[in-house]
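Input: a single structure, listed below in structure tokens.
The values are calculated or read from the model by the stated rules, or taken from the named source; none is laboratory data. Predicted, not measured: the structure shown is a model, and the values here were computed from it. Cβ sites come from the backbone with ideal geometry, for glycine too, and all protein chains shown count toward neighbours.
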Amino acid sequence: MKLLPFFTILFATFGAYAQPYNLNSSPYNMENSPYNMENSPYNMRNSPYNIENSPYNLNSTNGVYDNSGNRIGYEVKAPSGVTNYFDNSGNRIGYTPAKK
């Protein structure tokens with residue numbers, strides 16, 4: 001019976017760390033990782049040298065703009081459903097996980 005308070009404190013202390021972890025939105029999920037070729041700026045679909053992603057293409061429909069209307073980058077949707085955000089130089093600056 002003396003161990004019951006010990007286990008209660010132990011569970012209360014370490015039980016808080018055992019929260020469920022959603023891997024779908026994690027950058028450690030290979031689907032979201034920049035090391036996945038679908039998300040890499042070295043993939044031609046994601047490259048700033050692709051005319052669809054170029055800031056010089058006035059007909060581009062995938063531009064990302066700041067509140068002042070300045071183009072700060074572009075977005076590309078990968079076949080896996082992940083939307084990748086790149087700055088105008090082609091550096092990946094973020095992502096939105098696939099909706100499942």
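Number of residues in the range 50-78 that are under 18 Å from P34 (Cα atoms) and either at pLDDT below 90 or of a type in the set (A, V, I, L, M, F, W, C) (or both) equals 2.
Of all residue pairs spaced 6 or more apart or on separate chains, those with beta-carbon atoms under 6 Å, a first member in the range 71-83 that is without any contact (Cβ under 8 Å) to a residue 12 or more places away in the chain and a second member that is part of a strand (DSSP E or B) and β-branched (V, I, T) are K77/T83.
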